[in-house]
Amino acid sequence: MSDIKELNEWEKFCGSVMKMNEGELKSQINFECSTTRRKSYINRMHQRYAKLMTKRVGDELLNGGLL
């Protein structure tokens with residue numbers, strides 16, 4: 001029973017991470033790092049944050065920006 005509840009919570013968490021923007025993710029990562037420090041949650045949020053940041057920087061470069 002506990003495993004199912006944890007899986008549902010993880011799936012809900014992953015769904016909410018997909019809806020966050022860079023700023024929201026950064027805030028949530030910092031909050032998690034300063035409170036409960038759940039490694040899997042920090043890793044998942046960081047993966048999403050890095051993906052969004054990479055896309056943003058790539059778009060900026062393609063539109064004539066510089067690093």
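The values are calculated or read from the model by the stated rules, or taken from the named source; none is laboratory data. Keep in mind the model is a prediction, meaning the values are calculated, not measured. Note: ideal-geometry Cβ built from the backbone for every residue, glycine included; neighbour counts use all protein chains shown.
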Unmet requirement for I29, which otherwise passes all of (1) at pLDDT 95 or above; (2) loosely packed, with under 10 Cβ neighbours inside 10 Å: (2)
Options S34, S16: the member that is surrounded by 10 or more Cβ atoms within 10 Å (Cβ to Cβ) and among the small types (G, A, S): S16
The stretch 1-57, subset under 11 Å from the mean Cα position of the chain (by Cα) and among the aromatic types (F, W, Y), residue farthest from L67 (Cα to Cα): F13
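Which residue, of I4, I29, I42, is part of a helix (DSSP H, G or I) and touching an Asp or Glu at 6+ places or on another chain (Cβ under 7 Å)? Steps first, please.
Numbers: I4 fails: touching an Asp or Glu at 6+ places or on another chain (Cβ under 7 Å); I29 fails: touching an Asp or Glu at 6+ places or on another chain (Cβ under 7 Å).
Going through I4, I29, I42 in turn, just one is part of a helix (DSSP H, G or I) and touching an Asp or Glu at 6+ places or on another chain (Cβ under 7 Å): I42.
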The stretch 1-43, residues that are among the basic types (K, R) and closer than 17 Å to M53 by Cβ: K19, K26
